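The values are calculated or read from the model by the stated rules, or taken from the named source; none is laboratory data. In this text, all values refer to a predicted model and were calculated from it rather than measured experimentally. Heads up, the Cβs are rebuilt from the backbone with ideal geometry, glycines too, and the neighbour counts pull from every protein chain shown. Heads up: the accessible areas ignore ligands, DNA and RNA and are worked out on the full protein's heavy atoms, side chains in. Shrake-Rupley method; radii C 1.70, N 1.55, O 1.52, S 1.80 Å.
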Amino acid sequence: MPTDSAVKRSVPKIALWSVLVPLLNVIVHSAIFIFLRDSELNPVVYAILAILWGVAGVYTIYWSLNWVIEQYSDTWKRRIQPFLFIGPAIGLLGWLLLIPTIRTLIMSFQDESSSKFVGFANYAAVFTNRLLLTALRNNLLWVVFGATACILLGLLIAVLADRSSFEKLAKAIIFMPMAISFVAAGVIWKFIYYYQPGDEQIGLLNAIVVYFGGEPQAWTSAYLPWNNLFLILILIWMQTGFAMVILSAALKSVPEDILEAARMDGAGEIRIFFRIIIPYISTTLLSVTTTVIVFTLKIFDVVMVMTGGQYDTEVVATQFYRQFFMYQNFGYGSTLAIVLLIAVIPVIVFNLRQIRKQGEI
């Protein structure tokens, strides 16, 4: 066992290594970065060296810093070592999320050129401007109709598929739209809703309508504001599979002996579903619901591909894109981003609490 004096004599040496090793890492990897940046190598060689440096660099950084921590006493080792592994992730999240959020918050209190402080004027404009109010209303429609339909249909399909003989095939078909992007889905549904005057229609929906003697309709530009429902249908088509898969897994975890006991006591299937199954999977149901709600609040791709935000289909995300990137109105754009963040935060916090409760159970 080392004496106290031996430990004290090692403290300066440990402190020296604690400074030299991180400094050496910074110098070496900065030099490699500058070399690769300024060199005129063959692109293939450049790519290979960059990959090798990335892999070897991460390993050597972690190994060298961990070696320094191993020199500490057991008490300090237990305190510091976890930060070595979560520190880079926290730093990256802070750089990519926290700093931009703070910057956006500051810009939301400035004018369109971010050169003058205007207080809460931008926030007042968000809730008085007609276009922005339309965007907020449409986001509410997406949440109420889109998220609700995804959850209900996902739960219904999960229950029915689990009791069918072709469960895997049915789930694969329902889940298939999740394999494509929202941009691709928007292109597909744009052809389904396509409208042109006359009896010759290339849009699937209008072709069916004309075949049965009806008049073709401009589905995404008429019936304001209910034309938003035709866009929401795309979300339902894609996200129902997500809800179905998660809820199906939860349904399979319901103990069969409890269900059999309820049936022996004379309970019908509907009563079993609402009194036993729903309470048993309630945590999973809430988690899926909040996840889909957050997704619908941030919806952007479908609206931009289908209508570009025209015909009263603007949502908060598309208005943010227009104000910030197209009109260069950084104050309005930042304010819309903060409003969207404020709307999402309570849902995320609620979701995290439910996950924590589930972990405690």
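Quick notes
- Every residue from segment 213-227 that is more than 14 Å from G203 (Cα to Cα) and of a type in the set (S, T, N, Q): S221, N227
- Whichever residue in segment 173-225 is open to solvent by less than 60 Å² (accessible area, probe 1.4 Å) and hydroxyl-bearing (S, T, Y) and, among such residues, is nearest to A161 (Cα to Cα): Y193
- Flag for R163 being touching a residue at least 60 places away in the same chain (Cβ under 8 Å) and open to solvent by 40 Å² or more (accessible area, probe 1.4 Å): no
- Tabulated pairs, segment 193-211, first hydrophobic (A, V, I, L, M, F, W, C), second modelled with pLDDT under 80, C-beta under 6 angstrom, 6+ apart or interchain: A207/Q201; V210/D199; V210/Q201
- Candidate set: segment 304-316, residues that are over 27 Å from L156 (Cβ atoms) and part of a helix (DSSP H, G or I); chosen: the one nearest to the chain's Cα centre (by Cα): V316
- Checking I48 against (1) surrounded by 12 or more Cβ atoms within 10 Å (Cβ to Cβ); (2) modelled with pLDDT under 85, the condition it does not meet: (2)
- Helices (runs of 4 or more DSSP H) contained entirely in segment 239-302, each with at least 2 residues that are crowded, with 17+ Cβ neighbours inside 10 Å: 256-264, 282-297
- All conditions in (1) open to solvent by 80 Å² or more (accessible area, probe 1.4 Å); (2) more than 30 Å from M326 (Cβ to Cβ) hold for T128, with the sole exception of (2).
- First in segment 262-277 and closer than 17 Å to K252 by Cα, second anywhere and among the small types (G, A, S), Cβ under 7 Å, 6 or more apart: I272/A262; I276/A262
- Residue selected from segment 80-100 under the condition of a type in the set (V, I, T) and open to solvent by 60 Å² or more (accessible area, probe 1.4 Å), by the criterion farthest from V11 (Cα to Cα): I99
- Criterion (touching a helix residue (DSSP H, G or I) at 6+ places or on another chain (Cβ under 9 Å), closer than 19 Å to F330 by Cα and among the hydroxyl-bearing types (S, T, Y)) met by exactly one of T104, T128: T104
- Only residues that are out of contact with any Leu (no Cβ under 6 Å at 6 or more places or on another chain) and in a helix (DSSP H, G or I) were counted across segment 163-204, and they come to 24.
- The residues of segment 66-79 that are within 28 Å of A31 (Cα to Cα) and open to solvent by 50 Å² or more (accessible area, probe 1.4 Å), listed by number, are W67, E70, Q71.
- Residues that are more than 25 Å from the chain's Cα centre (by Cα) and open to solvent by 40 Å² or more (accessible area, probe 1.4 Å) within segment 226-238 comprise just one, W226.
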